[in-house]
Amino acid sequence: MSALPWAPMARMAGRRLLFAVPVLLAVTFGVFAVAAASPFDPVDAYAGTAARTASEQTLEELRHNLGADRPFTEQWWDWLGSAATGDLGHSTALRQPVSEVISERLGWTVLLCVTAFTLTVLLGTALGVLAARRRGGPADRFTTAACYTLEAAPTFWLGLLAIWLFALELDVLPAGGLTDTRSDAVTAGQVASHLVLPAAVLAVSQLPWFALFVRESLVEALDEDYVRGARARGLRGRTVLLRHALRSGLLPVLTLVGTRIPELITGALLVETVFSWPGIAAATVEAALAVDFPLLAALTVLATAAVLLGTLLTDLLYGLADPRVAFDG
Amino acid sequence: MSDVHLASEAAAAPTAPGPTVLAPSSVWHRLRARPLFWVAISLITLFVLMAAVPSLFTSVDPEDCNLSRSLVGPNGDHWLGTDVQGCDVYARSVHATRASLLIGLSVTVATFLIGVLVGSVAGYFGGIVDAVLSRIIEIFLAIPLLLGATVLLATAANGDGGVLGVIVALSLYGWTQTARIMRASTMETRGLDYIVAARASGASDPRILLEHVIPNAISPVIVVATTNVGLFITYEATISYLGLGLQDSTLSWGQMIHDSVSRFLTSPHALLAPAGFLSLAVLGVLLLGDAMRDAVDPRSRR
C-alpha cells in the first residue's frame, strides 16, 4: 500500500475545505434570515413574563442592548466576527455560553454515535451475510422482511418500545439519563449501563439500510468471476463467502458510511430526546422549542460541518477502494 | 463537476439510475407477479379509503370525549381504549389518517416537482448552470432535513401548528435527493442518439427537455418518490412528536403520539395505536416502492 495517491487526495480535501467555507457561510446566513423573518421577538424570550409589565422604553433599551434592532445582515456579520474568535454567544434556553454547551455535550453524542455505528456495522454485516448466503431462502426472507418493518417504524417509537420492554416490563436496564438519579458521580459502569438501550436503538434504526446494502453488494459479488473461480477450485462455501465475496462486497458499503451522517444526526436527535441522553442532539430540540437562536445557529453549523466531512471521507475512501474513480470532485 | 459519479452520489441512488425506458406494460407484468406488491396495494387502498371516508371505518366521533372514561384500556366499547381526554383512540387514529397522508403526499409532490426541474436543467445544460445548481443542491444537502425543518418551524412558523407550515418546511429541505438522481439520470439520457437526432432536426432546448429527456430520465425518480411518501409521513410524525409540527387543532398520528407520550409507561395503548397505524401505512408505501424498483430496474431483481 505504498502507492497511496497522497497528492490528489490532498488536493481534493483542500478543494472541499475551500468549498465548505461558502457553504457554512450560506447556512448561517440562512439561519439569521429565517430568524429575521420570524414573528418571534428575542426580547420577549430574554425578558420572559417581565416583558409584559416592562415599559416600552425599557424594552427598547433591551432590544438595543441585544442588538435586535439592527438589520439581520449586520447581526449576522457580528456573529461571524465573534464566532471566529471562539465566542458563539449565550444560549437563552440552557442559560450558559454556547461554546460551553457544545464542549460539555459533544463528547456524549460522539460516544453514543460511535458505539451505535459499530453495532450497526457488526450486526448489519452478519445479517447481510446470512441473507445473501442463500438468496430467497428463509434467512434471506426473514432479514429482508425485518429490515422493511424496521424501516417503517419511526426511531422515536423504537426507543419508546425499548423503554417499555426493557426498563418497565423486564426491569433490566435504566430507562434514560446518563447515571442513576441517586448518584452524583459519573462512573464508567453507570454510563455503560445507561448507554446500552440508546446505543442499541440508534444502531437498530440504522440497521435496515446497512444490512440490505451488504446483502445487495454480496449478492453481486457472489456472481463475479473470481468467486465462481474460487468455487470451481473446490473451496468450501464458507471460505468463498467470507474470504472472497465479503472482502470485496463489504468495501463499497463501508465507503458509503460517511454519506449516512445526516441520518445518524437525525437518529441521534430522536434517541437522545427519548432517553434524556445529555448530548448535543437533544440540546437541538430544546433550542428549537425555546427558539434559542445562538444555540440553533451554532448547532446547525456543527451538523453541516459533520455532513460535509462525512461526504469528503466517503469520496476519499471510494477513490482509494476503486482506482478508476478520480479525485477530481 | 466531473462526469465520474462520486461515491456520495452513488449513495443517493443505490440502484445506479440509468436511462431505463419505462415500458408500462412490461413494468405492470413484473409488478403483477410479486405478492408483496399486492400486500402493498391492499395496505395503501385501506389507508386511502380511511383518509377519504373515515366514517366507513368508525361511527364514533373523534371529538366525543368524556373525562370520566380517561385512559381506559382496550374494551368492547372502545376497541383501542381511550386517551387522557377520554376520546376513543381508534376513532381518532382513523380520523388522523387524512392529515398524515395529505402531508406525506403533498411534500412528495412538491419535492418531486422541484427535484425534477432543478435536476433535469442541471443535467441537461451542464457547464455553468450545472455548477451553480449543484452548489445549491450541496448547500441544502448539507443540512440534515429534520434539523432544517425544525429550525424553520420553530422560528418562521413560530409554532402556529398549521398543515401548510409543515408541508413547506419538509419540502424546502427534502428535494435534494430527487434533484441529484434526476441530474444523474438526465446526464445519461442527454447523450443518447435520439436526443442528438432531435437536436439535429432543430428542436428547441425546452422542447427537447420536456418531450424527450424528462420522460425518459424520470423513472428512477418515480421509484424514489414512491418511497418518499412513507419517509415524509414519518417525518411529519417525528416533528409533531417533538412538539414542533402540527398542534391540537389538526389531528394527525404524530400529534396523537405527542399527546400520549408523557403517559406512555402507564397507558401504552394510547400511543401504540397511532404508532401502529403509522407503521402499517409507511410499510405499505415502502413495499410498493421496493416492488416498483424491481419492476422498473430489472438489474436489481432478486
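If you go through segment A:285-296 and keep only what is modelled with pLDDT of 80 or more and within 9 Å of chain B (Cβ to nearest Cβ), you end up with A:V285, A:A287, A:L296.
For every residue, the table says whether it meets (1) more than 30 Å from A:V34 (Cα to Cα); (2) of a type in the set (A, V, I, L, M, F, W, C).
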position	(1), (2)
B:I114	no, yes
B:R135	no, no
B:I167	no, yes
B:R207	yes, no
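With the structure loaded, tell me whether A:L88 is in the same structural domain as A:L308 (by TED's automatic domain parsing), at pLDDT 85 or above and surrounded by 16 or more Cβ atoms within 10 Å (Cβ to Cβ) or whether it fails that test. Judged against the criteria, A:L88 is not a match. Selection over segment A:92-129 of residues that are over 17 Å from the mean Cα position of the chain (by Cα), crowded, with 18+ Cβ neighbours inside 10 Å and away from every other protein chain (no Cβ under 14 Å) gives a count of 7. Where residues in segment B:47-70 are loosely packed, with under 15 Cβ neighbours inside 10 Å and outside any loop (DSSP other than H, G, I, E, B), which of them is farthest from the chain's Cα centre (by Cα)? So, considering only residues that are loosely packed, with under 15 Cβ neighbours inside 10 Å and outside any loop (DSSP other than H, G, I, E, B), the one farthest from the chain's Cα centre (by Cα) is B:S68. Step by step: first the residues of segment B:226-272, then only those that are buried (at least 24 other Cβ atoms within 10 Å of the Cβ) and part of a loop (DSSP other than H, G, I, E, B), then the one that is farthest from the other protein chains (Cβ to nearest Cβ). Which residue is that? Checking each candidate, the answer is B:L246. On the given criteria, is A:R70 assigned by TED's automatic domain parsing to the domain that holds A:E263 and part of a loop (DSSP other than H, G, I, E, B)? So A:R70 fails the test. Can you say whether A:D78 is outside the structural domain of A:L202 (by TED's automatic domain parsing), within 24 Å of A:G279 (Cα to Cα) and without any contact (Cβ under 8 Å) to a residue 60 or more places away in the chain, as far as the supplied structure shows? No; evaluated as a whole, the condition is false for this residue. Checking A:L269, A:L254 one by one, the residue that is hydrophobic (A, V, I, L, M, F, W, C) and either surrounded by fewer than 24 Cβ atoms within 10 Å (Cβ to Cβ) or more than 8 Å from every other protein chain (Cβ to nearest Cβ) (or both) is A:L254 and no other.
A search for C-beta distances below 9 Å between a residue of segment A:270-295 that is polar (S, T, N, Q) and any residue that is not in a helix (DSSP H, G or I), counting only pairs 6+ apart in sequence or on different chains, returns A:T273/B:L242; A:S276/A:A175; A:S276/A:G176; A:S276/A:G177; A:S276/A:L178. Do we have any residue at all in segment A:184-205 that's among the β-branched types (V, I, T), more than 14 Å from every other protein chain (Cβ to nearest Cβ), out of contact with any Pro (no Cβ under 8 Å at 6 or more places or on another chain) and not in a helix (DSSP H, G or I)? There is at least one residue in segment A:184-205 that is among the β-branched types (V, I, T), more than 14 Å from every other protein chain (Cβ to nearest Cβ), out of contact with any Pro (no Cβ under 8 Å at 6 or more places or on another chain) and not in a helix (DSSP H, G or I).
The set of residues from segment B:71-85 being buried (at least 17 other Cβ atoms within 10 Å of the Cβ) and closer than 14 Å to B:V60 by Cβ comprises B:V72, B:H78, B:L80, B:G81, B:T82, B:D83. Take the conditions assigned to a helix (DSSP H, G or I) and either assigned by TED's automatic domain parsing to the domain that holds A:A245 or under 23 Å from B:V285 (Cα atoms) (or both) and apply them to A:T179. Does it pass? Spelling it out, it is not the case that A:T179 is assigned to a helix (DSSP H, G or I) and either assigned by TED's automatic domain parsing to the domain that holds A:A245 or under 23 Å from B:V285 (Cα atoms) (or both).
Scan segment A:127-154 residue by residue and report those that are among the hydroxyl-bearing types (S, T, Y) and farther than 23 Å from B:E236 by Cβ. Passing the criteria: A:T143, A:T144.
With respect to the conditions (1) modelled with pLDDT under 85; (2) over 23 Å from A:G310 (Cβ atoms), A:L251 falls short on a single one, namely (2). Hey, can you tell me all the residues within segment A:138-176 that are assigned to a helix (DSSP H, G or I), touching a helix residue (DSSP H, G or I) at 6+ places or on another chain (Cβ under 8 Å), closer than 21 Å to B:F264 by Cα and free of Cβ contacts under 8 Å to residues at least 24 places away in the same chain? If the condition is that a residue be assigned to a helix (DSSP H, G or I), touching a helix residue (DSSP H, G or I) at 6+ places or on another chain (Cβ under 8 Å), closer than 21 Å to B:F264 by Cα and free of Cβ contacts under 8 Å to residues at least 24 places away in the same chain, then A:A152, A:W157 are the ones that fit.
Just to be sure before I move on: is A:V129 more than 23 Å from A:D223 (Cβ to Cβ) and in a helix (DSSP H, G or I) in the structure I sent? No: the conditions fail for A:V129. What about B:F232, is it within 20 Å of A:L269 (Cβ to Cβ) and among the aromatic types (F, W, Y)? Yes. Can we say B:P215 is more than 10 Å from chain A (Cβ to nearest Cβ) and within 19 Å of the chain's Cα centre (by Cα)? In short, no.
The numbered conditions (1) over 16 Å from A:T120 (Cβ atoms); (2) within 24 Å of the chain's Cα centre (by Cα); (3) surrounded by 15 or more Cβ atoms within 10 Å (Cβ to Cβ) are all true for A:A192 except (3). What residue, among those in segment B:129-150 that are among the charged types (D, E, K, R) and over 9 Å from B:T176 (Cα atoms), is nearest to the other protein chains (Cβ to nearest Cβ)? Per the criteria, the residue is B:R135.
Taken together, the residues in segment A:268-300 that are within 12 Å of B:P144 (Cβ to Cβ) and not polar (S, T, N, Q) amount to 5.
With B:A154, B:A179, B:A169 as the choices, which residue is modelled with pLDDT under 85, crowded, with 24+ Cβ neighbours inside 10 Å and part of a helix (DSSP H, G or I)?
Only one candidate qualifies: B:A154.
Among the residues of segment A:130-147, what is the count of those that are among the hydrophobic types (A, V, I, L, M, F, W, C) and surrounded by fewer than 20 Cβ atoms within 10 Å (Cβ to Cβ)? The total comes to 5.
The values are calculated or read from the model by the stated rules, or taken from the named source; none is laboratory data. Every value quoted in this text rests on a predicted model; they were computed, and no experiment measured them. Using ideal geometry, Cβ is built from the backbone for each residue, glycine included, and neighbour counts are taken over all protein chains shown.
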